[in-house]
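Structure first, then comments.
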Amino acid sequence: MNLNSTVISSAEAAKILGIHPLSIQKLIYRGVLSADKIANRYLISRDELMEFAKTYNPNRGRPRTKRRYTKRSAIWQAS
């Protein structure tokens with residue numbers, strides 16, 4: 001069994017997801033992504049990372065919502 005084909009490092013996982021390697025560690029600490037710590041490095045299952053990548057959104061914060069009223073809308077205009 002080739003270990004390189006079944007697990008990847010946190011740096012490689014960060015490249016796949018397009019985020020910083022410390023962000024991968026934060027996901028592991030929070031329990032969102034499971035990994036094994038071997039020799040002071042995190043090893044992530046390749047299959048599990050691919051499943052996680054399908055639903056992962058790298059954008060920060062709450063999703064933007066469009067404001068209902070602006071100063072130019074009819075509700076603000078004096079009748």
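The values are calculated or read from the model by the stated rules, or taken from the named source; none is laboratory data. Note that this is a predicted model, so its numbers are computed, not measured. With ideal geometry, Cβ positions are generated from the backbone for all residues, glycine too; neighbour counts draw on all protein chains shown.
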Return the pair list, or none, for Cβ contacts closer than 6 Å from residues in the range 10-35 that are farther than 16 Å from Asn59 by Cα to residues that are assigned to a loop (DSSP other than H, G, I, E, B), at least 6 apart or on different chains. Ile28/Ala35
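Could we say that Asn4 is modelled with pLDDT under 90 and in a helix (DSSP H, G or I) here? So that I can check it myself, show each step before the final result.
On the way: modelled with pLDDT under 90: yes; in a helix (DSSP H, G or I): yes.
Spelling it out, Asn4 is indeed modelled with pLDDT under 90 and in a helix (DSSP H, G or I).
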Being surrounded by 12 or more Cβ atoms within 10 Å (Cβ to Cβ) and among the acidic types (Asp, Glu) is the filter here, so list the residues in the range 19-50 that pass it. Glu48
Can you tell me which residue among Ile75, Ile16, Ile28, Ile24 is hydrophobic (A, V, I, L, M, F, W, C), in a helix (DSSP H, G or I) and modelled with pLDDT under 90? Ile75
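What are the residues in the range 39-55 that are more than 13 Å from Ile28 (Cβ to Cβ) and either in contact (Cβ under 8 Å) with a residue 12 or more places away in the chain or assigned to a helix (DSSP H, G or I) (or both), if any? Steps first, please.
Quick first cut of the range 39-55, residues more than 13 Å from Ile28 (Cβ to Cβ) only: 39-40, 46-47, 50-51, 53-55.
Listed by number, the residues that qualify are Arg46, Asp47, Met50, Glu51, Ala53, Lys54, Thr55.
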